[in-house]
Amino acid sequence: MISHKTASSSGRSAKKSKRSGRRSPLATVSLIVVGLLTTGGAYALFTSTATADTNTASSTSQSQVNEGKKLFAANCATCHGMAASGSSAGPSLIGVGSAAVDFQVGTGRMPLAADGPQAEQKPVQFTNSQTQAMAAYIASLGTGPSEPASKYLKADGNAAKGAELFRINCAMCHNVAGAGGALTEGKFAPSLKGVSSKHIYEAMLTGPQNMPVFNDLNIKPQEKADIITYLKYLEKNPSPGGFQLGDLGPVSEGLFIWIFGLGAIVAVTVWLTARSN
Amino acid sequence: MADHDDEAPATGSAVEKSEPQKISAGTAVIPTDPFENPGEPPHRLRITDKDPAEEKKAARQVSTLFFLSIIFSCLAVAAYIAFPIKEGDTGSIRLNNLFLGLGIALGLLSIGIGAVHWSKTLMPAQEITEMRHLTKGSDATRAKAAEVFELGNKESGFGRRSLIRNSLIGAMVAFVLPGVVIFRDLGPKVDPNVVLRHTLWKKGMHLTIDPTGTRIKASDVTLGSAFHVIPESLLKSDDLLEEKAKAAVLLMRLNPDDLHEPKGRENWQYNGIVAYSKICTHVGCPVALYEQQTHHLLCPCHQSTFDVTENCKVIFGPASRPLPQLPITVDADGYLVAQSDFHEPVGPSFWERDR
């Protein structure tokens, strides 16, 4: 039985060697691919170690960029293109800077769930280090606004000055109390309550989606810090006027008084004129 | 009316004679059984009328409400003392106002509810009918009034002395004339065409950032940016708010390829940087909701939407004219300056606008 088996297997191997003797036409191609990958990989390894050696002081390491590149290829490249140069489905990301990535991914707006009037906030999909890796990769493609220094994010600036700047530059869309508001065709300016200082700063700096850009020459870093101070002041201090009703102004206040105020008057009138039992 | 005079009806007993109507029926259906006055419903006794225990209970309820009112008023005073307004603490104002107001409101409400409850449950509840009175006075009164009037005319000579009468009428008419003439003050003090047609902008005026008044370098206005702009001389102006209301400008940078400038206005922009009046041409709200991807400018008051790429023409809403454009260029140092004032009045229409 055993001999029979070996005989049959040897017969098969004989057939195989007969075929390889003629050499497949794909062999050359595969050999070239293998050769290129090995040399290219080795080259990449050498250069990356070289840059890592020179850039030890920099916060973004080459390994972080590589990690970001992988994450980008897996999660973002469908719309933004493999080289992040954009496609018909998404804009080019070359030169948008790490601040834009940290804002869009860090608030859960990207990756986009569905095409709509605007990218809406969702639960954040990446860890902080993954976001930083992608930010490092995008920043390596071209210079752009980078993430703000932490000294501007402490909300310890001048709230009154920040309020004036907010009224001039932001309140028309975001509402004077930062409660948000409607724009055209289903777009809206989101509420700024509970948004982290860093994300507020980055939004001003990069102008995500339809928000205009307020670069550091328009609103200076310290002025941005003042605006953040004002918004954080609003969050921490109760409204002296009582119920805020969403801070939406005449819409919610009018609705409240029409339903509850008028309702109470109607109820009292019915009670006054009803016969006692 | 005249044939009722001889009856001289007593007050409260006016009765109109009811005669069968003699109007041609035409195609109308005249019911044979006219609606009859059903009279008043039978008097129904309340539970407090029937049951002395319920009456006592209601009386207790009313007095309890009045006592509650006393308690609430005292609580309002106590809250005023317990939650003082502290300087610089807005939260303390809120607490103070809330509890003081609640105490006073509930105190007054308890009095009101108690009074209504009292009248509804304990005071007499008989239905009564009050007939309407004639508005006309009795004939005797009317004759007396006419007599007094005649006597007045006779003694004063108002009907006879026509010179006195006519000069008095003239004096009365002239007396109200000053009141009519001062209505002129409601109109514009100066020609609106002078005030509304011109703003602080003029040739060479620097564009500066609101509110600091910093000059703007053209290179600082990056793609997608929006700057809120005031003329440089505004901060030194005497009537700052009035001038700002006319001269406020929104500065935006678009891709120059996106701009479709009409003939003769191609050089009003600088490398894709355009400046438009921020005052809506509808009723003058500040239009500053700029969407940097769609290039739409939205007015928050009535949703007028302007397309910046098409020279701010109206694409939605009640505004009837595009926003006026401010022609801009750069000076020798690269700072943005105005080429001239606006070429048309900013803001909403006014009667004298097309004159």
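The numbers here are math on the coordinates, done by the rules we state, and not lab data. The shown structure was predicted, so the numbers you read here are calculated from the model rather than taken from an experiment. Ideal geometry is used to build each Cβ from the backbone, glycine not excepted, and the neighbour counts take in all protein chains shown.
Quick grid of which residues meet (1) of a type outside the set (D, E, K, R); (2) more than 14 Å from every other protein chain (Cβ to nearest Cβ); (3) assigned to a helix (DSSP H, G or I); (4) free of Cβ contacts under 8 Å to residues at least 12 places away in the same chain:
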{"site": "B:T48", "(1), (2), (3), (4)": "yes, no, yes, no"}
{"site": "B:Y80", "(1), (2), (3), (4)": "yes, yes, yes, no"}
{"site": "B:P84", "(1), (2), (3), (4)": "yes, yes, no, no"}
{"site": "B:E87", "(1), (2), (3), (4)": "no, no, no, yes"}
{"site": "B:T135", "(1), (2), (3), (4)": "yes, yes, no, yes"}
*Tell me, which residue of region B:282-319 that is at negative phi, in contact with a strand residue (DSSP E or B) (Cβ under 7 Å, 6 or more places away or on another chain) and among the small types (G, A, S) is nearest to the other protein chains (Cβ to nearest Cβ)?*
B:A288
_Selected residue (criterion: nearest to A:V96 (Cα to Cα)) from residues of region A:174-215 that are polar (S, T, N, Q) and in contact with a helix residue (DSSP H, G or I) (Cβ under 6 Å, 6 or more places away or on another chain)_ = A:T206
*Number of the exception - A:F214 against (1) buried (at least 22 other Cβ atoms within 10 Å of the Cβ); (2) in contact (Cβ under 8 Å) with a residue 60 or more places away in the chain; (3) within 11 Å of another protein chain (Cβ to nearest Cβ)*: (2)
*Where in region A:220-277 are there helices (runs of 4 or more DSSP H), lying wholly inside it, with at least 3 residues that are within 10 Å of chain B (Cβ to nearest Cβ)?*
A:262-273
_Among the residues of region B:150-158, are any in a loop (DSSP other than H, G, I, E, B) and either more than 14 Å from every other protein chain (Cβ to nearest Cβ) or touching a Phe, Trp or Tyr at 6+ places or on another chain (Cβ under 8 Å) (or both)?_
yes
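Each row is one residue, and each column tells you yes or no for (1) hydroxyl-bearing (S, T, Y); (2) away from chain B (no Cβ under 14 Å); (3) touching a residue at least 60 places away in the same chain (Cβ under 8 Å); (4) more than 29 Å from A:S252 (Cβ to Cβ).
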site: A:G95; (1), (2), (3), (4): no, no, no, yes
site: A:A100; (1), (2), (3), (4): no, no, yes, yes
site: A:S129; (1), (2), (3), (4): yes, yes, no, yes
site: A:P148; (1), (2), (3), (4): no, yes, yes, yes
site: A:M172; (1), (2), (3), (4): no, no, no, no
*Does region A:134-153 contain any residue that is outside any helix (DSSP H, G or I) and charged (D, E, K, R)?*
yes
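Can you find a residue that is more than 28 Å from the chain's Cα centre (by Cα) and basic (K, R) anywhere in region B:267-282?
no
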